[in-house]
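Right, one structure below, let's go through it.
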Amino acid sequence: MICLFTDFGAADIYVGQVKAVLHQRAPDTHVVDLLHDVPAFNVKAGAHLLAALAARVPAGSVTMAVVDPGVGSARGPVVVLADDRWFVGPDNGLLSVVAARAESAEAFPIGWRPRNLSSSFHGRDLFAPVAAMLARGDRRVAKLGKRTCLDNDFGEDDLAEIIYVDHYGNAMTGLRAGGLPPGGRLVVNSCRLGRARVFSDLPHGDVFWYENSLGLVEIAASSASAAEKLGFKVGHPVVLETG
């Protein structure tokens, strides 16, 4: 299985081109769209979103992850093998949180290059073919180099800010909810929010935080858009008050 995680946008021309390459090079491999609306250009938010989703993809799978504002620059292409899952993408920090939180992780520079490499679309021309090679078991063809450290590493720590807002207006943060006190209050954009278990525990329109299905702290409103009600955006810092 090949999973796709990008900021390409589902409505633009880019995802289809990537899938065409994958179909050509690995026609018997299932392709799954994890997310194509990662916050544009936001590598750190993408890294934490990817880490939250990574545990839900099966061992042996390949994830092509591309949030790459530095495409065409000196940043290198890399493959990470983390807990028996392959990740292919730019060495700009996007794969680093997955690697840092894994029990076992290795990183390898990609030596293979296509005959024609667009300076602005490595997702199609470089990362998709390498993802297909790994899905077929052709690690040798991908010309992976000797094990290395990632050039850009955000580490394993949580990110105390909003990293994604979905179409419901729910605001996902980079904080893992496990172990946080149930009585803690979240402060974001000068608003103090209490914790609830699910949407229906509160009256219509009330804003709260809860542990979402990925195990992250998420800000939501009961049958309403928290982002519209309180003006939350990606990048807003969040603080947990425990006192």
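What follows draws every value from the coordinates through simple rules; no lab data is involved. Owing to the predicted nature of the structure, the values given are computational and were not obtained by experimental measurement. Methodologically, a virtual Cβ is constructed for each residue, glycine included, from the backbone with ideal geometry; neighbour enumeration extends over all protein chains shown.
Counting every Cα pair in the chain, what percent are over 25 Å apart?
Result: 43 percent of Cα pairs exceed 25 Å.
Compute, for the chain, the length of the dipole vector about the Cα centre, with Cβ point charges of +1 (Lys, Arg) and -1 (Asp, Glu) only. Units Debye, rounded to 20.
660
Work out how much length C149 to Q24 would gain on full extension: take 0.36 nm times their residue separation and subtract the Cα-Cα distance, in nm to one decimal.
Value of the extension gain: 41.8 nm.
Once you have the Kirkwood Rh of segment 134-197 from its Cα pairs, apply Stokes-Einstein at 25 °C and 0.890 mPa s and quote D in µm²/s.
For these conditions, the coefficient is 153 µm²/s.
Quick check on the chain: of the DSSP beta bridges with both residues there, what percent are antiparallel, nearest 5%?
The antiparallel proportion sits near 70 percent.
Under 15 Å from the 7 Å Cα→Cβ point of I13, by amide nitrogen: which residues of segment 110-129?
118-122, 124-125, by backbone N distance to the label point.
Sequence neighbours fewer than 8 away in the same chain don't count; with that in mind, list the aspartates and glutamates whose C-alpha is under 13 Å from K19.
Qualifying aspartates and glutamates at Cα under 13 Å: D28, D33, D125.
Between exposed GluC sites (Glu not before Pro) in the chain, where DSSP calls loop and at most 15 other Cβ atoms lie within 10 Å, what's the longest gap? Display every interim value, and only then the final one.
Details: sites that count: E103, E156.
No qualifying site falls inside 1-102, the longest such stretch.
Over all distinct alpha-carbon pairs, what is the Kirkwood Rh of segment 1-136 in angstrom? Don't skip to the answer; put the middle values down first.
Values: mean 1/r = 0.0691 Å⁻¹.
Hydrodynamic radius (Kirkwood, Cα pairs) of segment 1-136 is 14.5 Å.
Where in the chain is the longest stretch that carries no trypsin sites (Lys or Arg not before Pro) classed as loop by DSSP and with at most 16 other Cβ atoms within 10 Å? Provide the component values of the computation, followed by the final result.
Details: sites that count: R56, R115, R139, R140, K143, K146, R147, R197, K233.
Answer - 57-114.
Provide the FRET efficiency to the nearest 0.05 for the S104-E241 pair, computing r from the beta carbons and using R0 = 41 Å. Don't jump to the answer; show the numbers that get you there.
Values: r = 36 Å, r/R0 = 0.88.
So, using R0 = 41 Å, E works out to roughly 0.70.
Once you've got the GNM for the chain with C-alpha springs shorter than 10 Å, pick whichever of D83, D33, D12 has the biggest mean-square fluctuation.
Largest GNM mean-square fluctuation: D12.
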